[in-house]
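Report on one structure; see the data block that follows.
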Amino acid sequence: MDRDEPPVQPHPNGAAAGGILATVLGTGKRLSVNAGPALPAALSYHRSMPSRTPVILDCDPGHDDALAITLALARPELDLLAVTTVAGNAPLEATTRNALRVLTLLGRTAIPVAAGAARPLVRPLHVAVNVHGTSGLDGADLPEPGVAARPEHAVELMRALIEASPDPVTLIPTGPLTNIALLIRTYPRLLERVSRICLMGGAVGEGNATASAEFNIWADPDAAAIVFEAGRPLTMIGLDVTHLALVSAADAARMAALGTRTGRVFADLLEFFGRFHRERYGWDGSPIHDAVAVAHVALPGLVRTETCRVDIETTSELTRGRTVADRAGLTGRDPNAEIGLGIDRGRFVDLLVEAVAAFA
Ligand code: BDR
Ligand code: CA
């Protein structure tokens, strides 16, 4: 393996470090280099469109992740190099299958998909069945996957794409940050080739997994701490802004009225997703959290942001996964994040409807 440096000391039994990581994470996959077939489609497409921002979406679909994928594919400002998956809303097998089903629905099966971590770095896995259903994407008639995931680990696919990209790559994580933390720890020098990380997760205010914490950060706080301390430009699209990005039943009806299969599927997904938010919060509509992170990369200015220091609580069970945002500068520590605080909801909804309308 030609990693920058070993992430852990060699195991006494002689196993390679990558093998240990993979075993620890329960994927059964080694972080081997050059695994799987070549990647001509994504890379040659990218090279022919130099003005687009190359992005990798690391996700756990997930209703809002599905819309994030759709928006990333539809926006002319973005070049989606790959979709990588992580356990979060559902177990890894389900989130990977869901990513493949969404890309199949959209007719974009040439976008490479690779599965990553099957569980958080340290904590046991907790999935969000109550929000997304047992499949992780309940409520709609999605097609079976038209292609398989690539054989290599998500971290290896990210490495290959980042190394091969002529322009620095933007990472958009919309699930627990396990894969991104592994990438950072396994290939630290590759970070120079990552222009920024724009993630969905966290909250200055109240959480949604617990009163203290948002789900993606709560699910793997140890990974989140690594990512927030990585030293790369980082945007936290947290609940403070995503809870303003509600897509209502009337908005979903606009998707259904497109008269396309994609429009029908997303209207149905939003109907399912909306039930949870109606019961939990009394809202007419669902926050499409993950698509806000994609929209912010595509259209700077859509989200109002502020810069401050954000640290992750990893030890206290009561406040585990809290993103402690020092907006008043009380710590005196250098800012490490831009945090999302406001959004033009109407424009955001129009972007989503336009994105869904771009597919048959
Ligand atoms: C986040 O958690 C998941 O349920 C959603 O997909 C989103 O990424 C919101 O807290
Ligand atoms: Ca998600």
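Just so you know, all these numbers are worked out from the coordinates, no wet-lab data involved. For clarity, every value in this text was computed on a predicted model and none was experimentally measured. Cβ sites come from the backbone with ideal geometry, for glycine too, and all protein chains shown count toward neighbours.
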- Residue order, fewest to most surrounding Cβ atoms within 10 angstrom, among 334, 58, 240, 311: 334, 311, 240, 58
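Tally Lys/Arg at +1 and Asp/Glu at -1 over every other residue whose Cβ is under 9 Å from the Cβ of residue 339; what's the total? Don't jump to the answer; show the numbers that get you there.
On the way: positive: 327; negative: 240, 306, 338.
Surrounding charge for residue 339 is -2.
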- Item | Structure-based [θ]222 nm, the chain - -39500 (n - 2.57) summed over DSSP H runs of at least 4, per residue, nearest 500 | -11000 deg cm²/dmol
- Taking other Cβ within 10 Å of each residue's Cβ, how do 157, 244, 318 sort, fewest first? 318, 244, 157
- Approximate spin-label separation residue 261-residue 148, in nm, with each point projected 7 Å along Cα-to-Cβ: 2.3 nm
- Simple label model, 7 Å out from Cα along Cβ direction - residue 278 to residue 163, nm: 5.1 nm
- Query: What is the fewest-to-most order of 349, 297 by other Cβ atoms lying within 10 Å of their Cβ?
  - Reply: 349, 297
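Specify the longest stretch of the chain that does not include any exposed loop site, a site being one of the GluC sites (Glu not before Pro) with a non-H, G, I, E, B DSSP assignment and at most 15 other Cβ atoms within 10 Å.
On the way: sites that count: 77, 206, 229, 317.
That gives 78-205 as the longest site-free run.
Sum up the charges of everything whose Cβ sits under 12 Å from the Cβ of residue 286, counting Lys and Arg as +1 and Asp and Glu as -1, but leave residue 286 out.
Details: positive: 275, 278, 280; negative: 64, 251, 271, 279, 284, 290.
After counting each charged neighbour, the total is -3.
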- Query: Which whole-Hz ³J(HN,Hα) couplings does segment 73-90 yield from phi under the Karplus relation 6.51 cos²θ - 1.76 cosθ + 1.60, θ = phi - 60°, glycine and proline marked x?
  - Reply: 6, 7, 6, x, 6, 10, 10, 6, 7, 6, 10, 10, 10, 9, 6, x, 4, 8
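In percent, what relative contact order does the chain have, based on Cα pairs under 8 Å that are 6 or more apart in sequence? Can you show the working numbers first?
Working: 817 pairs, mean separation 64.5, N = 360.
In percent, rounded to a whole number, it is 18.
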